[in-house]
Amino acid sequence: MSALAYLDHNATSPLRPAAFDAMVEALRAGGNPSSVHTAGRKARAIVDRARREVASLVGARATETIFTSGGTEANNLALAGTGRRRVLVSAIEHDSVRQAVPQAEILPVDGDGVLDLAALERALAAPAEPALVSVMLANNETGVLQPLAEIVRLAQAAGALVHCDAVQGAGKVPVDFRGLGVDYLSLSAHKLGGPTGVGALVVRNGAPFSTDRRGGGQESNRRAGTENVSGIAGFGAAASEAASGLDVSGFRDRLELALVQIAAGANVFGARASRIGNTTCISMPGVPAETQVMALDLAGVCISAGAACSSGKVQRSPVLEAMGVPAAEAACAIRISLGWNTEAADIERLIAAWQDLYIRVNKSDISHTHRRARAA
Ligand code: PLP
């Protein structure tokens, strides 16, 4: 068994060995992709190859794929670059979408975290300027998949553009940029076994796009700045491997079945919806998420309390709030996310540690009750 059971892939998935090797090779090669000499052309070839690999993961053209510093920058570029001032976003979008467009109109989700299509249709029917709709593919906390095909159909009928944050979906479910019909799609390398600090924005050929990143004209004038060649190489290698998919739903199902049997009243959020196969958001009633994270960490199991994107941040989950989960229950919800290197032993270790904690907490509750009863 490995030293740690790392079950926090939605925060960052460990670097795949193929990505590591590609990065080392690119670092050794050196060179600036804009230089015309041999070393420069070598670096350019590395970037071009990775661009094809990343584009191919999501069924896009290489010419539509712009490398960025990650999912956050891709979302910011998309939301600022379409020229649309009216923006509609779902209530469960990642902060990098919500905060990029604070003026956006918020679309509600149902109790399973699925976008309310009737609310989208009503918003699109309002006699206002043409909109940009931004809805994620898979939610980072619950794994719930959004009805993108329906969203695109409604948006196109109303003349709206569609941006999709596919950061958590790509590499976990097949993504077909062209088939989906979205205009913009965001990706992040470190969610699929590539390095941190690199991502991509896919912009459909012909879709409006302008940028404020000015400088040396890199990325076809769409995102200036010397490319992060080694990061991009790692992203390409990870995307190639991720293209064969992630089949961990068997582990996920085993885990959920065991956990709901251990803890009375444990709830899997979004369970009735269609979800990516790697994510479980579950509550242990009465036990704060931070306590669970710490107890599991001591047992060598890494998970998170909801979305853990900035260090140590523990706040009420807007996702669970939008789903109507009571605050007290949401405070006891943890996120477990599996990935390319998850093994059966990791799952068993998590189950055992969770059970230990549940027994410990309930024993101390029972002994308090007994002490109180004796004192009375
Ligand atoms: N979008 C979603 C859905 C995410 O889960 C995250 C990160 O957790 C991001 C965007 C941001 O990606 P990055 O960390 O590459 O900036």
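Structural descriptor for the stretch 17-242: relative contact order 30 percent, calculated from alpha carbon pairs under 8 angstrom and at least 6 residues apart. The angle separating the long axis of helix 344-375 from the principal Cα axis of greatest extent in the chain is about 40 degrees. Between Asn341 and Glu321, full extension at 0.36 nm per residue minus the direct alpha carbon distance yields a gain of 4.0 nm. Go ahead and collect, in residue order, the members of the stretch 45-73 whose backbone nitrogen is under 19 Å from a label point 7 Å along the Cα-Cβ direction of Ser244. Under 19 Å, as judged by backbone N against the label point of Ser244, lie 53-59 of the stretch 45-73. Residues of the stretch 105-134 falling in the label zone of Arg272, defined by backbone nitrogen less than 18 Å from a point 7 Å along Cα to beta-carbon, are 108-119. Less than 5 angstrom separates the built amide H of Ala333 from those of Ala289, all sequence-distant by 5 or more or on a different chain.
Residues in the stretch 165-198, backbone N under 17 Å from the label point at Leu27 (7 Å along the Cα-to-beta-carbon vector): list them, ranges by number please. Answer for the stretch 165-198: 190, 194-198. Our estimate of slack between Lys42 and Gln103, defined as 0.36 nm per intervening residue step minus the Cα-Cα distance, is 17.6 nm.
Each Lys or Arg adds one and each Asp or Glu takes one away; over the other residues whose Cβ falls under 15 Å from the Cβ of Phe20, this sums to -1. The phi-based Karplus calculation (6.51 cos²θ - 1.76 cosθ + 1.60; θ = phi - 60°) puts the 3J(HN,Hα) values of the stretch 182-190 at 6, 9, 9, 9, 9, 9, 9, 5, 6 Hz, whole numbers, x for Gly and Pro. Between Asp212 and Glu256, the contour length at 0.36 nm per residue exceeds the Cα-Cα span by 11.3 nm. Coordinate range of the alpha-carbon atoms in the stretch 251-353 per principal axis, descending: 33, 30, 27 Å. Sequence-ordered 3J(HN,Hα) estimates for the stretch 117-125 from the Karplus curve with 6.51, -1.76 and 1.60 and θ = phi - 60° stand at 5, 5, 5, 4, 4, 5, 5, 5, 7 Hz, glycine and proline given as x. Centroid-to-centroid, using Cα positions, the stretch 23-59 and the stretch 182-216 are 17 Å apart. Largest first, the extents of the alpha carbon coordinates of the stretch 17-242 on the three principal axes equal 57, 33, 28 Å. Most simply put, the chain has about 55% antiparallel DSSP beta bridges, counting only bridges with both residues inside it.
Computed from phi, the 3J(HN,Hα) profile of the stretch 270-284 under the Karplus parametrisation 6.51, -1.76, 1.60 (θ = phi - 60°) reads x, 4, 7, 8, 6, 10, 5, x, 10, 10, 10, 10, 9, 10, 10 Hz, with x in place of Gly and Pro.
A short reminder: the numbers here are calculations on the coordinates, not readings from a lab. What you are looking at is a predicted structure, and each value in this text was computed from that prediction instead of being measured. As a convention, Cβ positions derive from the backbone with ideal geometry for all residues, glycine included, and neighbour counts pool all protein chains shown.
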